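Scroll down for the structure; my scribbles are underneath it.
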Amino acid sequence: MDAQQRGSAESAESAERGKSAESAERKEIRRELSTLGRLAAPMILAQVTQMGMGVADTIMAGQVGAVDLAGVALGGNLYWPFILLLSGVIMSLTPSVSQLHGAGREKEAGEVARQAMWIAGAGGLLLIVFLNNVEPVYRFLEVDARAIPVATGYLQALSLGVLPVLGYFSLRYLCEGMSWTVPAMWIAAGSLALKIPLNLLFIYGGFGIEPMGGIGCGWSSAIILNAQFLVMAFVVSRSRIRVTGVFARFSRPDGREIGRLIRLGLPIGITNFMEISLFSVITLLIGRLGAESVAAHMIASNVGGMTFMVPLALGMAVSIRVGFNVGAGDLTAARRAGWVAIWLSLLFALVAAVVVYSLRFQIAGLYSSERMVITVAADLLVFVALYQFFDDAQVTAVGALRGFKDTRATMWVAMLSYWVVGLPVGVAIGFGWIDVPGFEGVRGFWIGLITGLGVAAVVLTARFRWLSVRPDRVQRFAAR
């Protein structure tokens, strides 16, 4: 065989190897899609159903009137940032347990979960005290005075569910770290089934209970949060999660383990807090514009929150997948899982944006019968459609980075994107400090939201791209 023939043969062989490698990569991507889908589908249903309870509160309080809807909105915008801060700290369980699971060390996970519960208990007690003393906050922010009694009554009732919901999160994250996402789905579905009749009872009255309006949403939620914890505890004690030994014995607080969980989880909690509190502060500032503006903003936020549940669940699922693969020593698979999840979230963003934009008036009409509220809310839903792409990409990238236990970088990105960029832009345009014709008022605040989320999406995706090809850094994070 002459040199030319040998060269042709080598070229053909090289091309064949390239095709074979490409085919193998496509097969791995399809396999990852299947695995990620099995993990994410129950989580998506759980998150959407959980969010459905908030939608039920919004719709049913909105039917009472704009003041009750505004009160529930103002209450929720103080409750959720702190719940997500605490649940984010506890969320350090997911990457910790998933890496133990990937390394075949499941029996160590129970002790980690017990220490996380001590964090939940201490933080929960502080939050209960705060929720029962929030009226001065609303007075200071000069929100619509008509909505303050509804907001404070709503939070006082809801405070009865704080410790149970944090206990529920602890057990849920233990299950998810063990790659079992089904229990949360069924519990959330059962909770939504209870939410509507309980709302009817407490909002409108019956069976000897006086009508409470928006405050009744807090009482129904508190009952459900207690039930969620009890059911999850029963499931964990009777399922394959028993292998972790979480209920096998009592553990005193372990300062070293608690410190490790806080170092890993506090940045997760702060990241959650920074994002949700941006929405909350903007809602409180919009409160100066009147109950109708708050109600319209609440509708738009609620719809955005509903669509957000899908990429949020994808982010949680990819955190499990990345953590498992890191524990198993397969960095290539961890990187692949991250990119598959990010592209899936962007595909969903496209679908969600089209649906929200096309049906914006019909969607707004589901929440309120007041013409002014419907008109403003439909206008804001255009912004909701636009920010899908940024919000979905950033939350999925955050999930992938958490799988690597890279939580501090995401915290700083959230802080800068939301509070140094997003909030100042929103306030400046919303209050007319920067003259942008047609975008003053509520619209201006949504411009700020989109700007902050856009910065976060770009930086966090770049961070994942950089970290996923650096094994030394990944192993350093894994040792935390």
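Search the range 132-185 for residues being polar (S, T, N, Q), over 22 Å from the mean Cα position of the chain (by Cα) and part of a helix (DSSP H, G or I), and hand back the single one that is surrounded by the fewest Cβ atoms within 10 Å (Cβ to Cβ). Filtering first and then ranking leaves Gln156. Determine whether the range 385-399 contains at least one residue that is closer than 15 Å to Arg335 by Cα, in a helix (DSSP H, G or I), in contact with a Phe, Trp or Tyr (Cβ under 8 Å, 6 or more places away or on another chain) and not basic (Lys, Arg). Among the residues of the range 385-399, at least one is closer than 15 Å to Arg335 by Cα, in a helix (DSSP H, G or I), in contact with a Phe, Trp or Tyr (Cβ under 8 Å, 6 or more places away or on another chain) and not basic (Lys, Arg), which makes the answer yes. Number of residues in the range 302-343 that are assigned to a helix (DSSP H, G or I) and within 17 Å of Ser179 (Cα to Cα) equals 21. Among the residues of the range 34-75, the ones that are surrounded by 17 or more Cβ atoms within 10 Å (Cβ to Cβ), within 24 Å of Val340 (Cα to Cα) and of a type in the set (A, V, I, L, M) come to 8 in all.
The listed residues are Arg463, Arg408, Arg371, and the only one of them that is over 23 Å from the mean Cα position of the chain (by Cα), of a type in the set (D, E, K, R) and either over 26 Å from Gly323 (Cβ atoms) or surrounded by fewer than 20 Cβ atoms within 10 Å (Cβ to Cβ) (or both) turns out to be Arg371. Residues in the range 456-472 that are in contact (Cβ under 8 Å) with a residue 24 or more places away in the chain and assigned to a helix (DSSP H, G or I): Ala456, Ala457, Val459, Leu460, Thr461, Arg463, Phe464, Leu467, Pro471.
Looking at the range 397-405, can you tell me whether even one residue there is surrounded by fewer than 22 Cβ atoms within 10 Å (Cβ to Cβ), modelled with pLDDT under 90 and of a type in the set (D, E, K, R)? There is no residue in the range 397-405 that is surrounded by fewer than 22 Cβ atoms within 10 Å (Cβ to Cβ), modelled with pLDDT under 90 and of a type in the set (D, E, K, R).
Checking each residue in the range 344-375 for being at pLDDT 85 or above and assigned to a loop (DSSP other than H, G, I, E, B) picks out only Leu359. Selection of the range 440-450 for residues being touching a residue at least 24 places away in the same chain (Cβ under 8 Å) and out of contact with any His (no Cβ under 9 Å at 6 or more places or on another chain) yields Gly441, Arg443, Ile447, Gly448, Leu449, Ile450. From the list Glu135, Glu142, Glu176, Glu106, which residue is charged (D, E, K, R) and free of Cβ contacts under 8 Å to residues at least 40 places away in the same chain? The unique qualifying residue is Glu135. Checking each residue in the range 200-221 for being surrounded by fewer than 22 Cβ atoms within 10 Å (Cβ to Cβ) and in a helix (DSSP H, G or I) picks out Leu200, Leu201, Tyr204. All of (1) farther than 17 Å from Ala462 by Cβ; (2) at pLDDT below 90; (3) part of a helix (DSSP H, G or I) hold for Val436 with one exception: (3).
In summary, Leu453 fulfils each of the numbered conditions (1) out of contact with any Asp or Glu (no Cβ under 6 Å at 6 or more places or on another chain); (2) over 30 Å from Val64 (Cβ atoms); (3) in contact (Cβ under 8 Å) with a residue 40 or more places away in the chain with the single exception of condition (1).
The values are calculated or read from the model by the stated rules, or taken from the named source; none is laboratory data. Bear in mind that the values here come from a model prediction, so they are computed numbers and not experimental data. Positions of Cβ are backbone-derived with ideal geometry, glycine not excepted, and every protein chain shown enters the neighbour counts.
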